[in-house]
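A.B. asks: One structure follows; several queries about it will come next.
The values are calculated or read from the model by the stated rules, or taken from the named source; none is laboratory data. This structure is a prediction, so every number in the text was calculated from the model and none was measured. Here the Cβ positions follow ideal geometry from the backbone for every residue, glycine too, while neighbour counts run over all protein chains shown.
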Amino acid sequence: MFYKILSFALLLAVVTACATVAVTGRKQLSLVSSDEINQMSAQQYKEVIQKGPISTNQEQTAMVKRVGVRIQKAVEQYMAEKGLSNQLAGFNWEFNLIQDDKTVNAWCMPGGKVAFYTAIIPICKDEQGVAVVMGHEVAHAIANHGAERMSQGMLAEFGLSTIGAAMGQNPTATQQIFAQAIGMGTNVGMLKFSRNHESEADHMGLIFMAMAGYDPSSAPKFWERMATLSGGQQPPEFLSTHPSHETRINDLEGWIPEAMKYYKK
């Protein structure tokens, strides 16, 4: 009887520790506060930017920052219209371009901390392509994917616990969970979870770029270029943290009619 009561109490606690993702309406586990993960992200981002090196290409840097600000304003408008502006509390947006011609990547930490690597710029091709990537990466932060992944990891490692308590109990494990949560590590057990996040960010990002004045139809074209670059070497979908290029392109094409309703040229 004791274990039944304990199990019920744990289930009730998990159910009540839920939040709702903007745009998609999906319920998500939320054991980590935005303030906590934003503070951790700000410190990590500062270290990354200090290490850099920051790109000296003024034209590309200006483009990344310009697109970032437009996506930011679109997000703020969307959240205000939905009465969700409080979810952006603690966001201190930053957009930086890191000089790295080998790393085809971009990311956005919780709190609106964005970094692009110069290697992804040629694949973006133009400002529309940068908007595709920017919308997607910012969507991860707006959907609180980092906090959700960290909540999932903490639940598995510590049960229902705060970050402060977890840090006191096992700071190394807590830091590892944080690194995985914001995409700084991999965890095979969380791959399906991550693929769901990637698809959700594709969907939300399409809405945000459309509101910012970028054509949503450019999103599948970006991923077609990415597929060409990979030369068919992408691992099987069930072993990847990202949807296959084919799946991603098909999903994006299906969401374009919805995104076009938000499109402001």
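A.B. asks: Only residues that are among the charged types (D, E, K, R) and either buried (at least 18 other Cβ atoms within 10 Å of the Cβ) or over 16 Å from Lys264 (Cβ atoms) (or both): list them for the stretch 74-109, please.
C.D. replies: Answer for the stretch 74-109, where residues must be among the charged types (D, E, K, R) and either buried (at least 18 other Cβ atoms within 10 Å of the Cβ) or over 16 Å from Lys264 (Cβ atoms) (or both): Lys82, Glu94, Asp100, Asp101, Lys102.
A.B. asks: Can you name the number of the only condition in (1) at pLDDT below 55; (2) among the basic types (Lys, Arg); (3) over 17 Å from the mean Cα position of the chain (by Cα) that Lys102 fails?
C.D. replies: (1)
A.B. asks: To continue, here is another question. Evaluate the following for Lys82: is it under 26 Å from Glu224 (Cβ atoms) and out of contact with any Asp or Glu (no Cβ under 6 Å at 6 or more places or on another chain)?
C.D. replies: Against the criterion (under 26 Å from Glu224 (Cβ atoms) and out of contact with any Asp or Glu (no Cβ under 6 Å at 6 or more places or on another chain)), Lys82 does not qualify.
This table checks each residue for (1) modelled with pLDDT of 85 or more; (2) over 16 Å from the mean Cα position of the chain (by Cα); (3) surrounded by 14 or more Cβ atoms within 10 Å (Cβ to Cβ).
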residue	(1), (2), (3)
Thr16	no, yes, no
Thr24	no, no, yes
Gln28	no, no, yes
Gln43	yes, yes, no
Ser55	yes, yes, yes
Ala62	yes, yes, no
Gln72	yes, no, yes
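A.B. asks: Return the residues of the stretch 89-132 that are aromatic (Phe, Trp, Tyr) and in contact (Cβ under 8 Å) with a residue 60 or more places away in the chain; say none if nothing qualifies. Break it down stepwise before answering.
C.D. replies: Residues of the stretch 89-132 aromatic (Phe, Trp, Tyr): 91, 93, 95, 107, 116-117.
Trp107, the sole residue that qualifies.
A.B. asks: Do the conditions hold for Ser199, that is, is it under 22 Å from Lys125 (Cβ atoms) and either at pLDDT 55 or above or not acidic (Asp, Glu) (or both)?
C.D. replies: Values: under 22 Å from Lys125 (Cβ atoms): no; either at pLDDT 55 or above or not acidic (Asp, Glu) (or both): yes.
No: the conditions fail for Ser199.
A.B. asks: Now a separate question. With respect to Met226, determine if the residue is surrounded by 14 or more Cβ atoms within 10 Å (Cβ to Cβ) and at pLDDT 95 or above. Before the answer, list the steps.
C.D. replies: Working: surrounded by 14 or more Cβ atoms within 10 Å (Cβ to Cβ): yes; at pLDDT 95 or above: no.
Criteria not met by Met226.
A.B. asks: Can you tell me how many residues in the stretch 25-62 are on the phi > 0 side of the Ramachandran plot and in contact (Cβ under 8 Å) with a residue 24 or more places away in the chain? Explain how you work it out, then say what you get.
C.D. replies: At the first step, the residues of the stretch 25-62 found to be on the phi > 0 side of the Ramachandran plot are 25, 52.
Imposing the further condition that a residue be in contact (Cβ under 8 Å) with a residue 24 or more places away in the chain reduces the set to 52.
The number of residues fulfilling the criteria is 1.
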